[in-house]
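The values are calculated or read from the model by the stated rules, or taken from the named source; none is laboratory data. Remember, it's a predicted structure, so these values are computed and weren't measured experimentally. We place every Cβ from the backbone using ideal geometry, glycine too, and count neighbours over all the protein chains shown.
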């Protein structure tokens with residue numbers, strides 16, 4: 001490991017320490033209590049507003065914004081990440097992932113509502129996100145602009161140039177393993193498909209996400225339901241295993257309760273991204289009559305990611321017994337013989353192999369794991385990984401583009417936008433043919449900086465979002481379709497809602 005890699009690894013160890021993970025969890029608890037557990041009280045309303053939003057020339061629908069957000073949240077971590085959680089923390093880790101999703105909905109609501117409150121129109125499109133609400137919400141303008149610029153730069157580097165190559169490599173590896181297509185050809189295919197989409201702008205990204213993401217998630221969940229139906233008699237015992245293990249009641253896992261909670265919280269936070277600052281970007285692009293509407297939709301997206309997609313993976317793995325669990329001393333507490341070969345070494349840690357083996361066992365009836373067996377699980381997981389990672393690439397681009405737009409506000413920025421598009425396509429192609437741990441670590445570093453800056457920002461700026469929720473509920477009780485008036489609520493610098501919303505309302509059918 002050279003000196004640069006050592007520095008980056010050290011910084012990642014600091015930034016992505018348990019402090020950040022548990023801070024995100026505690027903030028979720030705080031917001032949930034502060035808003036009286038709205039994620040329970042307003043669950044039906046979340047679903048209603050998700051389908052009620054309409055599009056306009058400037059904005060996309062609430063459902064499209066949800067789909068773009070989910071395209072970033074639902075990724076390879078929903079397959080490999082869940083397997084890793086089970087390997088390190090046992091079945092009980094799944095419970096802690098569920099808990100984090102429930103509480104994380106509070107953070108998702110606040111950040112996405114703030115993105116709507118402080119969004120603005122640029123070149124005929126709605127733009128918003130942490131950089132925008134940091135600049136408008138923090139009163140000291142010098143600090144606010146510096147703070148926002150640091151967030152924007154870190155986000156562009158991470159999502160525009162570093163992480164795309166790693167995601168592309170995941171796609172190329174999965175396709176090669178299942179269909180034997182070369183990494184080079186997969187790279188060309190990805191560049192063509194992604195280029196067509198990102199050169200079309202947010203409207204094209206939203207339209208693709210609107211169809212691909214729900215299909216992708218539902219197809220995966222349907223496969224999981226089939227696996228559960230085949231093994232329906234084991235469902236009660238699996239649920240019992242998850243809950244008994246979560247609190248150390250299961251003797252086998254009593255010695256790893258600390259690791260179980262830690263990895264469950266970490267995987268939950270990594271997966272649903274609540275509070276990390278990614279979801280607010282597409283949330284700001286939605287056309288709504290009140291910011292709280294999109295806040296509710298984005299809170300629901302956390303449920304979709306963890307409670308539905310991650311749970312689908314977890315149940316398939318657990319109900320078929322295709323997993324291993326590591327003990328505190330490094331030895332295996334549970335060894336079901338599942339492994340993959342890499343560099344001539346047998347690895348039994350959590351990976352997509354668990355999910356592949358689970359589906360293969362359910363559909364083929366095989367009782368034991370076989371290394372060289374290529375069955376329906378290999379193909380289905382390869383296809384799922386392709387769609388999961390590809391839609392993540394779309395979301396990465398949109399997030400990076402939004403922050404370029406922030407930095408170049410009123411200064412053109414067309415050249416930088418073009419360089420971003422070309423740079424990302426190059427990163428995707430080379431990521432398919434070769435990837436480096438340094439690129440992944442640098443990307444993690446950028447996302448970690450985003451998370452720290454955003455979680456501090458939403459704690460500082462929480463009041464407008466909470467006021468917006470109270471106003472929304474008040475108008476609903478009055479039988480009205482809520483509309484946002486920042487002046488009445490004494491919310492400053494919400495320029496879009498003060499000056500542009502009424503104009504758009506008179507010309508568009510705003511929901």
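Below is a table of values for the structure above.
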item	result
Given (1) at pLDDT below 80; (2) outside any helix (DSSP H, G or I), number of the condition residue 479 does not satisfy	(1)
Cβ-Cβ under 7 Å pairs, at least 6 apart or on other chains, the range 147-172 side on the phi < 0 side of the Ramachandran plot and crowded, with 23+ Cβ neighbours inside 10 Å, far side modelled with pLDDT under 80 and not in a helix (DSSP H, G or I)	165/435; 169/435
Given (1) in contact with a strand residue (DSSP E or B) (Cβ under 6 Å, 6 or more places away or on another chain); (2) within 25 Å of residue 219 (Cβ to Cβ), index of the condition residue 108 fails	(1)
Criterion violated by residue 222 - all others in (1) surrounded by fewer than 19 Cβ atoms within 10 Å (Cβ to Cβ); (2) under 22 Å from the mean Cα position of the chain (by Cα); (3) touching a residue at least 24 places away in the same chain (Cβ under 8 Å); (4) closer than 22 Å to residue 77 by Cβ satisfied	(3)
Candidates 330, 258, 240 - the one that is without any contact (Cβ under 8 Å) to a residue 24 or more places away in the chain, surrounded by fewer than 19 Cβ atoms within 10 Å (Cβ to Cβ) and at positive phi	330
Any chance residue 142 is out of contact with any helix residue (DSSP H, G or I) (no Cβ under 9 Å at 6 or more places or on another chain) and either surrounded by 24 or more Cβ atoms within 10 Å (Cβ to Cβ) or part of a helix (DSSP H, G or I) (or both)	yes
Any helices (runs of 4 or more DSSP H) falling wholly within the range 181-248 and containing at least 3 residues that are under 20 Å from residue 283 (Cα atoms)	201-230
Residue that is nearest to the chain's Cα centre (by Cα), among those in the range 313-332 that are modelled with pLDDT of 80 or more and more than 18 Å from residue 237 (Cβ to Cβ)	313
Unique match (being closer than 30 Å to residue 449 by Cβ, crowded, with 23+ Cβ neighbours inside 10 Å, under 18 Å from the mean Cα position of the chain (by Cα) and at pLDDT 85 or above) among 129, 137	129
Lone qualifier among 459, 416 - being surrounded by fewer than 21 Cβ atoms within 10 Å (Cβ to Cβ), touching a helix residue (DSSP H, G or I) at 6+ places or on another chain (Cβ under 9 Å) and at pLDDT 90 or above	459
